[in-house]
Amino acid sequence: MARLFASTDLSSDISSDSSFELSPAVQSNLLNDSFGRQFQYLRLSITEMCNFRCTYCLPDGYKKCAGYEEPLTVAEIENLVSAFAGLGFWKVRLTGGEPSVRRDLVEIVARVASVPGIRFVALSTNGLKLHEQAESLRRAGLQGLNLSLDSLDPAVFLKMTGRSEHQKIMDGIDRALGLGFRSLKVNVVLMKDLNETSLADFMEWVRTREISVRFIELMRTGRNKELFDRHYLSGQVVSDFLTQSGWQMRERSHGDGPAIEYHHQDFAGRMGVIAPYSKDFCKTCNRLRVSSSGKLRLCLFGDGDLSLRPLLQNSDDREELMARVRHLLSGKSLSHSLQEGKYGNTWNLSAIGG
Ligand code: SAM
Ligand code: SF4
């Protein structure tokens, strides 16, 4: 319990902990692709539904499409995570859609956190229910939180997400700050003429808060071409702003994903940029994705959806499931083709979880 309520410690974020050691048995079993990348991080969508209307993701709100499939049950999720743990995966991020629309979210976190081999469970959320769920999630074993917060200005936030509950979300974040999460990150989708002027506000915000704010370049999906053409802005503006403000790039560590983070001695938090359009973005890819209905996605912007669900019904199928994932990984390509305007069958990120 004492550890549960210790303060957040960005410096010991296990997701980038170079002292983190895997046992020799797990080491020899790790998943590598044909380009030498190693995969230890599962991003699992637990629902495609959402209660927000982010302009870049679900501008008209969530609507069930033809071909809708029910999300994985808790038992299916447990079987899935157990197989990935057998392949050396130690980190799981639950995402969506909006995971908190599921009533059994706390139970899902608890079951995933108790799978042998899983060392770190995180959640991506829009934060709407955080003020009421933060403590129970933390108690269930959640260690990392990734919150979407596109602006500190309620009016801009409303424009970008369709929701007016800005203050409720800010309260939820402040509540989470006191709960000793090992990692607290805020994601901001960078959009020209909307929130590009918010860099200084966020910088000031992390002066006293141990939060890592990361600006994500707007990504083109199947449904947002017009918006993309109007609002895309290169993440370079963030890097330039930070270096001009005296921030320094943090050295990359084992397990780091594609985010580039900056630190400054006068600030408790960090700032960063996630730039999928940059040249080397896919070189550091260390994750596999599974959709809410159990389809393996080798790349966020890939074409194929490879169903694992038939092998999630019985825990006795674990070895076969592991073999299937190993086999499917051989189809992972070196890079997405976003720069060429290709986005696979990704209509929006709510379907697979960003
Ligand atoms: N609903 C949760 C949330 O918003 O955090 C989890 C799912 S959401 C799809 C995951 C992340 O993807 C969020 O940080 C969101 O801002 C980001 N995202 C969604 N669509 C995007 C786009 N077109 N370009 C860049 N980031 C996007
Ligand atoms: Fe919902 Fe997250 Fe998409 Fe916003 S980004 S519409 S909160 S799934």
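The values are calculated or read from the model by the stated rules, or taken from the named source; none is laboratory data. Keep in mind that what you see is a predicted model, and the values were worked out from it rather than measured. Cβ: placed from backbone, ideal geometry, glycine included. Neighbour counts: every protein chain shown.
For (1) within 16 Å of ligand 2 (Cβ to nearest atom); (2) in contact (Cβ under 8 Å) with a residue 24 or more places away in the chain; (3) farther than 24 Å from Leu329 by Cβ, each residue gets a yes or a no:
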| residue | (1), (2), (3) |
| --- | --- |
| Ser34 | no, yes, no |
| Gln38 | no, yes, no |
| Tyr41 | no, yes, no |
| Ile46 | yes, yes, no |
| Cys54 | yes, yes, yes |
| Gly61 | yes, yes, yes |
| Cys65 | yes, no, yes |
| Leu72 | no, yes, no |
Original post:
So which pairs qualify, if the first residue must be in the stretch 140-159 and more than 17 Å from Thr125 (Cα to Cα), the second must be within 12 Å of ligand 1 (Cβ to nearest atom) and not hydroxyl-bearing (Ser, Thr, Tyr), the Cβ gap must be under 6 Å, and the two must be at least 6 apart or on different chains?
Top reply: Val156/Asn195
**OP:** Restrict the check to the stretch 329-347 and report whether at least one residue is under 20 Å from Ile77 (Cβ atoms) and either at pLDDT below 95 or part of a helix (DSSP H, G or I) (or both).
**Re:** no
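Residue-wise test of (1) in contact (Cβ under 8 Å) with a residue 24 or more places away in the chain; (2) polar (S, T, N, Q); (3) at positive phi.
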residue	(1), (2), (3)
Thr208	yes, yes, no
Leu233	yes, no, no
Ser239	yes, yes, no
Thr243	no, yes, no
Asp266	yes, no, no
**OP:** Would you confirm whether any residue within the stretch 94-115 is closer than 20 Å to Met322 by Cβ, of a type in the set (D, E, K, R) and at pLDDT 95 or above?
**Re:** yes
Original post:
Residue check, Ser100 against (1) outside any helix (DSSP H, G or I); (2) out of contact with any helix residue (DSSP H, G or I) (no Cβ under 6 Å at 6 or more places or on another chain); (3) in contact (Cβ under 8 Å) with a residue 12 or more places away in the chain, all met but one. Which one?
Top reply: (1)
**OP:** Of the numbered conditions (1) without any contact (Cβ under 8 Å) to a residue 60 or more places away in the chain; (2) more than 19 Å from Arg53 (Cβ to Cβ); (3) surrounded by fewer than 21 Cβ atoms within 10 Å (Cβ to Cβ); (4) not acidic (Asp, Glu), Gly178 fails exactly one; give the number of that condition.
**Re:** (1)
Original post:
When the stretch 63-89 is examined, which residues are found to be on the phi > 0 side of the Ramachandran plot and surrounded by fewer than 20 Cβ atoms within 10 Å (Cβ to Cβ)?
Top reply: Gly67
Subject >> Matching residues, the stretch 221-240, being out of contact with any strand residue (DSSP E or B) (no Cβ under 9 Å at 6 or more places or on another chain) and either more than 15 Å from ligand 2 (Cβ to nearest atom) or of a type in the set (Phe, Trp, Tyr) (or both) >> reply: Lys225, Glu226, Phe228, Asp229, Arg230, Asp240
Original post:
In the list Val213, Val206, Val186, which residue meets the criterion of being surrounded by 21 or more Cβ atoms within 10 Å (Cβ to Cβ), of a type outside the set (D, E, K, R) and more than 26 Å from Asp60 (Cα to Cα)?
Top reply: Val213
Original post:
Any idea how many residues of the stretch 113-140 are aliphatic (A, V, I, L, M) and within 16 Å of ligand 1 (Cβ to nearest atom)?
Top reply: 7
**OP:** Give the residue, chosen from Gly255, Gly246, Gly222, that is modelled with pLDDT under 95, surrounded by fewer than 17 Cβ atoms within 10 Å (Cβ to Cβ) and not charged (D, E, K, R).
**Re:** Gly222
Subject >> Count of residues meeting criterion [of a type outside the set (Asp, Glu) and not in a loop (DSSP other than H, G, I, E, B)] in the stretch 125-144 >> reply: 11
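This table checks each residue for (1) in a helix (DSSP H, G or I); (2) away from ligand 2 (no atom under 16 Å from the Cβ).
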| position | (1), (2) |
| --- | --- |
| Asn146 | no, no |
| Ser151 | no, no |
| Met160 | yes, no |
| Ser164 | no, no |
| Gln167 | yes, yes |
| Asp174 | yes, yes |
| Gly180 | no, yes |
| Val186 | no, no |
Original post:
Inside the stretch 39-79, can you point out the residues that are under 20 Å from Lys129 (Cα atoms), hydroxyl-bearing (Ser, Thr, Tyr) and not in a loop (DSSP other than H, G, I, E, B)?
Top reply: Ser45
Original post:
Does the stretch 195-214 contain at least one residue that is in contact with a helix residue (DSSP H, G or I) (Cβ under 6 Å, 6 or more places away or on another chain), in a loop (DSSP other than H, G, I, E, B) and closer than 16 Å to Pro154 by Cα?
Top reply: yes
